[in-house]
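Asker: Below is one structure. I have some questions about it.
Derivation of every value follows stated rules applied to the coordinates shown; laboratory data play no part. Given the structure is predicted, the values throughout are model-derived calculations rather than measurements. Don't worry about glycine lacking a Cβ; one is built from the backbone with ideal geometry, like all the others, and counts go over all protein chains shown.
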């Protein structure tokens, strides 16, 4: 692509800003809530909307393909020809529920602009990110043609854990073959801080169930004679960390990859210190594994967190009950080289060693995924760094993400390709919460970044 064509594409983005905003509004109007069994028709509408948008951009082989759950939308634009890179673009068109409705300042599925922000469910996560990339493709197609080949895979179940996506990828390896994947399901640290994510933690999500007596008991009549499962559970959970904040499951750290000095130096560039996390959380003080900074603990060290506890009487007033059962939901964020199945076994060994014979225990697996890490020096990531620097006028920061995106691992394992993780959402976008929004100036800069990125990638 010539400099004139690139300039033309960037000018197109400037001239079409309002229409791109209208495209996002139309997409947001579709209440594609994947966890709602009554939203199947809307899920299909969202998939058809994406398919229609792709066809309008000149994509070929556009199909809405069935799975056991929500459909997957695929298509390809191979006009750059042989010898040019092929990019696989991932996205999800499903969104989170919107409750509590009374906290929304405007209707969740009627995207509303207030100042520099556009509010509505999915504006940031991640319908807005899909519109960003498709808008960049449109701008390039209107200004001389795409400099790279593009394939797409858009799913409708990310917000419920993508239960059918891995099988779809395995069954469609040829259709999805590419040189690199682009996943705009990440975000930026701040509107003036372009950000590239190069690492994701994995996940082991487990449920512990304890059973004592075969029914709830009167605490006055049986307390002191029967071991209380709620007490046992509290003691077990309390013992899962030591005084230094380290997880005590046997062998938990055996596979944990250490941080080298260069990576710690790069992470230290991130403007996310103790004060940042105190402001974001409202917590009175921070907590975590000794010997590591807060950003290292959040994104590059494994953790164990209690997500929920339930036992006995929890209603208003009093009820003197000795509960028969107790339950805890535990999530463990994993780092590269940890195996979620091994971690599940480590929890089992911990429970076997620590649970008294006065209660029975059961361990249930809900979810598991591996961590992933991408070399930030590969050409596709270097190209993204250059595109962001050209757009923002400063070198982007590189960060690991504390959360998990299983599709990145699926693409590594089954397609043999790495993912470039970016996104143009901000920390205050209220993802999964009322009044979700996207910052429009950053949204438009995101489109410009993707125009420059495809251009740079096509020149390599």
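Asker: Would a scan of segment 413-427 turn up a residue that is in a helix (DSSP H, G or I), touching a strand residue (DSSP E or B) at 6+ places or on another chain (Cβ under 8 Å) and within 22 Å of residue 180 (Cβ to Cβ)?
Answerer: Checking segment 413-427: at least one residue is in a helix (DSSP H, G or I), touching a strand residue (DSSP E or B) at 6+ places or on another chain (Cβ under 8 Å) and within 22 Å of residue 180 (Cβ to Cβ).
Asker: Taking strands (runs of 3 or more DSSP E) that fall entirely within segment 1-115, which contain at least 2 residues that are surrounded by 20 or more Cβ atoms within 10 Å (Cβ to Cβ)?
Answerer: Once the strands (runs of 3 or more DSSP E) in segment 1-115 are filtered for at least 2 residues that are surrounded by 20 or more Cβ atoms within 10 Å (Cβ to Cβ), what remains is 72-77, 86-92.
For every residue, the table says whether it meets (1) assigned to a loop (DSSP other than H, G, I, E, B); (2) touching a strand residue (DSSP E or B) at 6+ places or on another chain (Cβ under 9 Å).
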residue	(1), (2)
298	no, yes
309	no, yes
318	yes, no
333	no, yes
347	no, yes
350	no, no
356	yes, no
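Asker: Then there is this: Within segment 363-372, does at least one residue satisfy the condition of being surrounded by fewer than 17 Cβ atoms within 10 Å (Cβ to Cβ), touching a helix residue (DSSP H, G or I) at 6+ places or on another chain (Cβ under 8 Å) and assigned to a helix (DSSP H, G or I)?
Answerer: So far as segment 363-372 goes, no, none of its residues is surrounded by fewer than 17 Cβ atoms within 10 Å (Cβ to Cβ), touching a helix residue (DSSP H, G or I) at 6+ places or on another chain (Cβ under 8 Å) and assigned to a helix (DSSP H, G or I).
Asker: Something else about it: Of the residues that make up segment 144-167, is at least one more than 25 Å from residue 376 (Cα to Cα), more than 21 Å from the chain's Cα centre (by Cα) and not in a strand (DSSP E or B)?
Answerer: Yes - at least one qualifying residue is present in segment 144-167.
Asker: Ok, one more. Specify the residue that is farthest from residue 245 (Cα to Cα); the eligible residues are those in segment 279-296 that are touching a residue at least 12 places away in the same chain (Cβ under 8 Å) and in a helix (DSSP H, G or I).
Answerer: So, considering only residues that are touching a residue at least 12 places away in the same chain (Cβ under 8 Å) and in a helix (DSSP H, G or I), the one farthest from residue 245 (Cα to Cα) is 280.
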